Structure formats: C-alpha cells, structure tokens
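**Q** Here's a structure for you.
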Amino acid sequence: MSLRPPARFSAATLAETMQGALDYEIAAEKASSLGRAGDAVAQALARLRALDGASPERSVMLREAAHAVWAYFIQRELCGLRRHDDAIREYGIPREVLVRLGAG
C-alpha cells in the first residue's frame, strides 16, 4: 500500500503558493520604492519653491528637482503607470522642471 500526501501539499500547489508570495513581495517593494521617489519629489519641489527667483542656488535646485521628477517618472513606469498627468497635477510640478525633462 502506498501513501499520497494531501492535495494541498502537492508540489504544484506549493510552487503556486511560493510564486504568489514572491509576487506579493515584489509588488510591496515597488510600492515602497514609488513612495520614496514621490517623497523625494515633494522635498525637492519644496526646496525649489522656497528659493527666491533671483537666487544663485536656483539653477542647482532646479536641476535637483528635475532629477527627482525624472527618477519618479521612471519608477512609475516600472510600476506600469505610463501617464504622468495626474502626478504632475498632484505634486504641482512647475513647467520649468518639466522642460528640463523634455516633457514641456
């Protein structure tokens, strides 16, 4: 007489469970990374807005803001979010930053 393990312990079910857990972890990491990139955009734009229009540091802050927005857009695209109109509106990304990305 041979014994079989219950169906819930079969190799196929175990593989599906492991793949589901891995997919969940990957999705969580994507979301976390997108959140950090969004925080970087918000901070860079706040620093840019705090400067006077004639400040010599403005060009440096403008470059930093453009880099943060670029990184955020890339992360959004990696998460499957191809359109950035909502993000531009939500963060209030100025046109001068978008022009540096070639999106203006």
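The values are calculated or read from the model by the stated rules, or taken from the named source; none is laboratory data. A quick note: this is a predicted structure, and the numbers were derived from the prediction, not measured. As a convention, Cβ positions derive from the backbone with ideal geometry for all residues, glycine included, and neighbour counts pool all protein chains shown. Protein only, heavy atoms only, side chains kept; ligands, DNA and RNA dropped before computing areas. Shrake-Rupley method; radii C 1.70, N 1.55, O 1.52, S 1.80 Å.
**Q** For the range 84-97, which residues satisfy the criterion of being over 18 Å from Gly35 (Cβ atoms) and either acidic (Asp, Glu) or under 13 Å from the mean Cα position of the chain (by Cα) (or both)?
**A** Asp85, Glu96
**Q** Something else now. Between Ser55, Ser32, which is among the small types (Gly, Ala, Ser), surrounded by fewer than 14 Cβ atoms within 10 Å (Cβ to Cβ) and not in a helix (DSSP H, G or I)?
**A** Ser55
**Q** Residues in the range 58-72: is at least one open to solvent by 50 Å² or more (accessible area, probe 1.4 Å), touching a Gly at 6+ places or on another chain (Cβ under 6 Å) and not hydroxyl-bearing (Ser, Thr, Tyr)?
**A** no
**Q** Please find, among Ala40, Ala50, Ala87, the residue that is in contact with a Phe, Trp or Tyr (Cβ under 8 Å, 6 or more places away or on another chain), open to solvent by 40 Å² or more (accessible area, probe 1.4 Å) and at pLDDT 90 or above.
**A** Selected residue: Ala40, the only one of Ala40, Ala50, Ala87 that is in contact with a Phe, Trp or Tyr (Cβ under 8 Å, 6 or more places away or on another chain), open to solvent by 40 Å² or more (accessible area, probe 1.4 Å) and at pLDDT 90 or above.
**Q** Which one of the conditions (1) over 20 Å from Arg36 (Cβ atoms); (2) open to solvent by 80 Å² or more (accessible area, probe 1.4 Å) does Leu78 fail to meet, given that it meets all the rest?
**A** Tallying (1) over 20 Å from Arg36 (Cβ atoms); (2) open to solvent by 80 Å² or more (accessible area, probe 1.4 Å), Leu78 fails exactly one: (1).
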